Structures are given as structure tokens and as C-alpha cells.
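Scroll down for the structure; my scribbles are underneath it.
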Amino acid sequence: MKHLTLGAGLLMATSVVAQTPVLSVYAPDYFTSEWGPGPSIEAAFEETCACDLQFSAGDLLPRLMLEGPSTNADIVIGLNTDITKKARSTGLFAPHGQNNADLDLPIVWNDDVFLPFDWSYVSFIYDATRVTTPLNSFEDLTTLPDDQKIVIQDPRSSISGLALVLWVKAVYGDKAADFWARLAPHILTVTKGWSEAYGLFTDGEAAVVLSFNTSPAYHIVAEGDTTKKAAIFDEGHYAYFELVAKVAGTDQPELADQFMAFVMSDTFQSLIPMTNWSYPAAQPASEWPEAFAALPAPSKAVFHDENTAAALRDEAIEEWRTGLSQ
Amino acid sequence: MAHRVVAMKAVPIIAGGFVVCLVLFPLITVWMWAETGASLGAADWSAIRFTIWQAFLSALLSCVAAIPVARALARQRFIGRSAIIVLLSAPFILPVIVAVMGILAVFGQNGLINSVLSVIGVAPVSIYGLSGILIAHVFFNMPLVTRMILQGWLAIPAERLRLADSLGLKGWARFRVLEWPMMQQILPSAFGVVFVICLSSFAVALTLGGGPRATTLELGIYQAFRFDFDLGKAAVLALLQFGLVGVAALFTVWISSKDPFAQGLDRPIVHVTTGRFIRGIDTCVIVVAIAFLGIPMLTIFVKGLLGIISLPFSIWQAAGRSILIAAGSTLLCLGFALALARRWGEVLGSAGIAVSPLVLGAGLFLMIRPFANPFDWALIVTMILNAMLSLPFVLRILRPQAESIRTDYHRLAATMGLGPWAWVRWIYVPRLRRPIGFAAGLTAALSMGDLGVIVLFGTSDHATLPLKLYQLMGAYRMDQAAAAATVLLGLSLLSFWIFDYWGRRGAHA
């Protein structure tokens, strides 16, 4: 056991900077990975803060709930609007202290605790070499030919899957169950998370996948591939925001405030599109990279605030479940 | 002398106690922490029914399919036979997401089968549904059962085989005298372990099941824990799963017979000659099995092969970390398994997969937190949990032979006054070498591919290879993810092969 501890200790030994204040930021795994925005954000912030920003990757909400008020986190980044109600009820978070008017979003933002740092529209992405009929509405999905199937994520295990059932509920209201039943024959399958679904799509197993309207930007920029397109629906699209919040019990309140201000800065905002493949939340479209500014986008945003989302959730998921089980 | 005997008796009890505590304490901790109870709705009950049904069918099919394959491999000798036996263990150790892609390359919408069908003008078939779940579960578990039965064949004393030959026993009679008694010992145990594995299926069942009809208990636990953070419900569902596994483990141990063969002289098995007809059938069985297991894996391997050069250094660091975890888990698991390789040990050992890793992880997190930062313990905890996860398979692989060794040699050992260490060193381990090698290989490879509790504990600086694979997918880099999958497959196979080869090379008997 001694050797194991020693071995693990060696592996974990990171460059410890003595006496430098540490800002501990909890973030999802995809965010902190070397292919996500984490490393460049860390480098940019450390240039200005004389501190050591340390990411801690993993499940945000379960970990915060388990840790409670004694959490080590100073900042939590990567939460999503559909779980903010639960997160808020913990009372762990402090006001973000930034001016919501500086945000550039498709909806008016009033929340003074959770601050969006990026966003996109939940969208169906299709392979234009296979799907040749235009997809302009949910109804168009129900008329897809048999060899062009759709893969979506499970709303019970995936946040984008949950966004979809809330979106459908917003568009169809009482008729949501009926819509799911009609869509059922066109659904290839339902996956646990986004990665599995997107993998099935890029493998050619499905012709349409539930993702975000900013997803094609990756294929255009990184692969020069313009055949992956977002279907833009006339009904409008569910807006998906990623949020950052300051932990109330932080032992580094000034640093945490400095980081919240940094999130709104041009430096941070400019890093977002090409690393997190989504729109920056506090920059006008004119400043976005060309590939993003040129992306097709819906004219209307659909959005449920957290109370409506929480009230609708169980019913919307149950309609989805029974509709697709038929 | 007396204290030595006491020591020998105490070791299994201590090991058993540790395993049970390791599983029960976290579960109780989560339960207590949750405070509020939870009630189950209609959707939960239908998930429970479906979970049991698909696990039952998966276990049944895996066993039925494994019998002819094991028989063919046991009685035929040909070039490449041992390579095929190694290949047989590969599906079991693949990360779920990778294996599903491989299966879809054959059975999917654009898979091999549908391509052939479209050439000959037949409408495409869809894998999604119960059939998809069963294909995947048989793909994962049939090879494991095959290997377990093969071990059973090897444990039949050569004298028995020779006697059957000289009596001219063929066909049905031979089956009744030799094969059936062996199967009675192996199959219930194999059925039980596959049933238990499939009980906790989640991503495979959902993806290949084609939608919410294929909802399993584990999805409920995941939802309650990660999504709703309803620990009360997670604990209730985890307890239910624990109960199901417990019943299954008790039942299979109860119906599996004791070692059916009297002691032999421990000589190598005589090569069994078979007629042309039998040889033909065996060849067909082996070819079909290789195609079913091999093509999906080959597709995975080839798909990522070119991309390996473009993988960043961090992938190799993660691979190193995964190897370290695998080595640690293997040692731990073997230690426990050697102590627990007996009937009641098999029941206790099942506890390792009886509780959802999410709940175990949460419980351990809560238990460690008052004393230390759980993140610093992520690797160690992963190692221990991986060892627990493999314990049920390892015990089922070791127990049949371990028990016969104890029955056959305890008189000899007592006469010679062998102490516990001499017993382990000169009799127990050398005679178990073959199953130990196989079991160690499985454990190493299994923990190589496991995502583990690392997701909860959080690890920005020490990601493992499977985690890197998920990160690549999450960052749209599907090609690099495919390359990482090839590395993972290669490493798992290699680590499996090293242990298994060690076991087979030394085991002349």
C-alpha cells in the first residue's frame, strides 16, 4: 500500500507554487481537457492575476452537493440553465457582481447569481450529402425517409436531451406526446450523452443528430468540411447557456471577483468560440470569428426560465418516454 | 502449529469482511446522508422488470452460444488456436462506447450485414431493440463463458478422458459422463456472473435498445444521482440492485454442484481425436465465433490505426497512468480472490458489482472527506473499486480448481505438516497458475478500460486513457478518439496476453 500511495503521489505531484494564492475552479471534464477552453483561459488569467488558477474537473452538481458549504471551490463554471434551480437552492452561490447589460444574448438576462459565458441554440445537425430535403420545422423531421434516421440524447441522463424535451414542450404544449409518437419511427436510438450520439452521426449510422447550431463551425474550421449543417426551424430554437458562478464561502473573494470580471472581458470571450465551439456571451456578432458569424441561426429564441423548466420537466420527460415507447 | 491453522482460517474471513465493508459502508453512508426516503413510480418498476428480463435472456444466450464454441476449442488442435483463445477475452474488456461502435460496424444501418443485404436487394435489418441489446451482451459475455467452460474441460482429469476413450464412449454417452457433470459445475456460475453484469447495463442497453423502452435500473441510479441529485432515490435503487445480485449469487452457488470428478494423477490432457464430421462442425462453429467477435474488433483497430501517430503525448501519459491502475487493481484483486476462492466467498465477492459504482463512489467520497481531500485519493480509490469490480469474475474462474486443490491435497499437506505459506507457495498458487493467469489478465484489461469513479472525484491532472477518449469525443475529435480507442484496445489485449501467457506457459498440467 505504501508503494501505491507513493506512486499515486508522484503522479499527482503538480508544480506547487509556494505562497501564490490559488483560485480553485470546478469545471466539467470537457471544459478543462487540453482540447477544451480550460488551458488557454487558465494561461490568460494567470498573466494578470498573480495567482494560480487550478481547475478541478468532474461532475459539478453532485460534487457541490456532497461537499456542501465546506466546498473547496471558489468558482464553478459550466453549469446549465436547466439545473440552476437546484444549484441555487443550495445557497452556495454569491451574486456575480457583473452588469447583465453587458451581455449580448438572444434573451434578456436578469439573473444576478448565474452569469452566462457562452451560448448556442439547441439544433438538429444533418449530413447534407444524405438529407437533401430542407428541414425547416419539427414537422419536417416526421417526414424524413426511412433511411435517414435521427439520434437524440436521453433527457434523463443528458442536459442537451433535456433541452430538447423542453423545446418540444414549448412548441407543442399539450400536443407534445402526440408529436413524440409521430417522431418515434424516425428515431434511430437514444443515447446516454452527447458524445455517443455525435459519434453515431459522424460514423454515418444516423443522418441527423441532436446537437447545437454552432457544431458545424468545428467541421468548417478544423476539417474544412461544409457538409454538416444545422437545420433551422421556423418555430424558433431553444437557447442553451453555460454559466459561471462565484461560491459564497470562497476564501479568495477578491480573486473570485477578478475572475468573474475576466469572464466578461474580450480576452476570455474571444477564446470561447474556437475552443468551446459556441457563441461568446458578451460580444456582439460583429466580433465573432467569421465561421461563427456566417453560421445559419434562427430568428427566434425559445427559452424556459428555471422555474418554468422545473415545473414542466417531469411531465415533459414522461410524455417523451411514453411517446417514444409506443 | 495451531496458530498457523488459525491463520489459514482467519485470512478468508478477514478478506471477506473487508469486501463486505467496502461495499456496505459506502451504501449505508449514502443512505444516511440522504435522510429522505424515496418512493418508486410505475416507470421505475417497468425499468426493473426490463432490467431483469434482458439480463436473464443475455445470460441464457451467452451460455448457450458458448457451449459449442468451448467444446470445439477443447477438442480440436490447430494453428492459431491459442491466439483465438486470447481474442476470446477481448470483447469483455473493451470500453462500452468503443465496443458499441464496433458492433454497429457489422450490424448497424450501414454495417457489413446491411451492405451485403443491399447488394442482393434485400431490405435492411435494424439492430435496435431487444435484439441489439442481446447481440451486444452476447458479444461481451459469451467469450467469458467460453473461457470458463474451457477451464472446466482442462480440469477434467486425463484419466477420465482416457477411460472414456477406451470404453469407446461417443456422442450422448460421452456427453453424459464427461461434459455434463463439468457443465453442472461451471454453467450456473457462468450464468450467474453474466446475469449480474447485465443487470448493471446502462449505456449499451439504452443505445442499442433503441429508446426509452430499454430503460434499466442503472439509468435510474444515474439520473437520480447525477441529474436530480436525489441521493435517497439513488440509494433505494442501489439497494434494489444489491438485492437482485444477492439473490442471483446465492441461487447460482446453491445449484452449482461440487467438483464432480475424483482426483486424477494430474497429467496433461491427451489429445482427443475426432471424426471428420465432428471436425467439420467444430470448424464451422469456430469460424462463426471468430467472425462474430473478430470483425467488430478488427474494425475498431483498423479505424484508429493511422491516427495513432497524430496523438499528443498526453495520451501516452494517460496510458501510463491506466497501466499503473491496472497493475494495482490486479494485485489487489488476486489477493482477495485467492483468499476467497470458496463457495461463500463467491457470494460475498459478488458484492463488488452489486452496487452501482456511482453510489459506491459517492459513499467513499463522503467517507474520505472528513479526513482528506478525496481528489488526492482518486487513483487509489479507482484501483480498489476496479479490483472489487473484477472480483466476481476472478472468483468464478479460480473457485472450481481452488476447491478441488483443497479437497485433493489437504490430507497430504496435513501429513507433511505444511504451514500456510508453504501451502500457498508450493501447492495452491502453482496448481492454480493457469486460472490465475487468465483471471489476472482479465482484471488488468478490465481496469484499463474502466472509466471508474474518476468522473466524480475529479482529475484534471491525472486523466486515464478511457477518460481522454471521452474528452476527445467531447471535443468533436472523433478521429483522434478512434486512434485512442485503438491504443486502448491494443494495451488491453497486450496486458491480457502477458498474464494469460504466463499462466498457460507454466501450467503444463
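Here A:155, A:134 are screened, and the one residue that is surrounded by 16 or more Cβ atoms within 10 Å (Cβ to Cβ) and not in a helix (DSSP H, G or I) is A:155. Among the residues making up the stretch B:132-152, those that are within 13 Å of chain A (Cβ to nearest Cβ) and small (Gly, Ala, Ser) are B:132, B:136.
Condition check ((1) more than 23 Å from residue B:345 (Cα to Cα); (2) modelled with pLDDT under 85; (3) touching a Ser or Thr at 6+ places or on another chain (Cβ under 8 Å)) across all residues:
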position	(1), (2), (3)
B:124	yes, yes, yes
B:176	yes, yes, no
B:179	yes, yes, no
B:195	no, no, yes
B:198	no, no, yes
B:205	yes, no, yes
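The set of residues in the stretch A:254-284 that are farther than 20 Å from residue A:31 by Cβ and in contact (Cβ under 8 Å) with a residue 24 or more places away in the chain comprises A:257, A:284. Are any of the residues in the stretch A:53-60 more than 30 Å from residue B:331 (Cβ to Cβ) and either among the basic types (Lys, Arg) or at pLDDT below 90 (or both)? Scanning the stretch A:53-60, I find at least one residue that is more than 30 Å from residue B:331 (Cβ to Cβ) and either among the basic types (Lys, Arg) or at pLDDT below 90 (or both), so the answer is yes.
Are any of the residues in the stretch B:219-237 within 27 Å of residue B:397 (Cα to Cα) and either surrounded by 24 or more Cβ atoms within 10 Å (Cβ to Cβ) or in contact with a Cys (Cβ under 9 Å, 6 or more places away or on another chain) (or both)?
no
Scanning the stretch A:140-157 for residues that are under 15 Å from the mean Cα position of the chain (by Cα) and more than 8 Å from chain B (Cβ to nearest Cβ) returns A:153, A:155. Scanning the stretch A:289-326 for residues that are touching a Ser or Thr at 6+ places or on another chain (Cβ under 7 Å) and charged (D, E, K, R) yields a single hit, A:306. The residue list B:372, B:402, B:378 contains one member that is more than 11 Å from every other protein chain (Cβ to nearest Cβ), among the aliphatic types (A, V, I, L, M), part of a helix (DSSP H, G or I) and more than 16 Å from the chain's Cα centre (by Cα), which is B:402.
Restricted to the stretch B:323-343, and to residues that are buried (at least 20 other Cβ atoms within 10 Å of the Cβ), within 13 Å of chain A (Cβ to nearest Cβ) and not β-branched (Val, Ile, Thr), which residue is farthest from residue B:445 (Cα to Cα)? Looking at residues that are buried (at least 20 other Cβ atoms within 10 Å of the Cβ), within 13 Å of chain A (Cβ to nearest Cβ) and not β-branched (Val, Ile, Thr), I get B:332. When we screen A:281, A:294 for residues that are over 22 Å from residue A:40 (Cα atoms) and of a type in the set (Gly, Ala, Ser), the only hit is A:294. In this structure, does residue B:408 turn out to be modelled with pLDDT under 75 and among the acidic types (Asp, Glu)? The answer is no for residue B:408.
Scanning the stretch B:240-277 for residues that are crowded, with 17+ Cβ neighbours inside 10 Å and either touching a Phe, Trp or Tyr at 6+ places or on another chain (Cβ under 6 Å) or at pLDDT 85 or above (or both) gives B:240, B:241, B:242, B:244, B:245, B:248.
If only residues of the stretch B:1-58 that are over 26 Å from residue B:382 (Cα atoms) and among the aromatic types (Phe, Trp, Tyr) are counted, the one that is modelled with the lowest pLDDT is B:45. Taking the criterion of being under 22 Å from residue A:164 (Cα atoms) and part of a loop (DSSP other than H, G, I, E, B), the residues of the stretch A:266-315 that qualify are A:277, A:278, A:281, A:295, A:296, A:297, A:298, A:299, A:300, A:303, A:304, A:305. Within the stretch B:221-241, residues that are closer than 13 Å to residue B:27 by Cα reach partners that are of a type in the set (D, E, K, R) with beta carbons closer than 8 Å, at six or more positions or on different chains, in the pairs B:232/B:35; B:237/B:44; B:241/B:218. Taking helices (runs of 4 or more DSSP H) as the structural unit, those lying wholly within the stretch A:158-259 and holding at least 1 residues that are charged (D, E, K, R), surrounded by fewer than 23 Cβ atoms within 10 Å (Cβ to Cβ) and away from chain B (no Cβ under 11 Å) correspond to A:176-183.
Taking the criterion of being of a type in the set (D, E, K, R) and either facing chain A (nearest Cβ under 9 Å) or farther than 14 Å from residue A:62 by Cβ (or both), the residues of the stretch B:208-258 that qualify are B:213, B:218, B:226, B:228, B:258. Only helices (runs of 4 or more DSSP H) whose full extent lies in the stretch B:7-126 are considered here, and the ones with at least 1 residues that are more than 14 Å from chain A (Cβ to nearest Cβ) and either at positive phi or under 24 Å from the mean Cα position of the chain (by Cα) (or both) are B:42-75, B:81-87, B:90-93. Has the stretch B:108-115 got at least one residue that is in contact with a Phe, Trp or Tyr (Cβ under 9 Å, 6 or more places away or on another chain) and under 25 Å from residue B:500 (Cα atoms)? The answer is no; no qualifying residue exists. The listed residues are A:194, A:167, and the only one of them that is at pLDDT 95 or above, in the same structural domain as residue A:125 (by TED's automatic domain parsing) and closer than 20 Å to residue B:212 by Cα turns out to be A:167.
The values are calculated or read from the model by the stated rules, or taken from the named source; none is laboratory data. Everything numeric in this text was worked out from a predicted model, so none of it was measured. Here the Cβ is made from the backbone with ideal geometry for all residues, glycine too, and neighbour counts use every protein chain on show.
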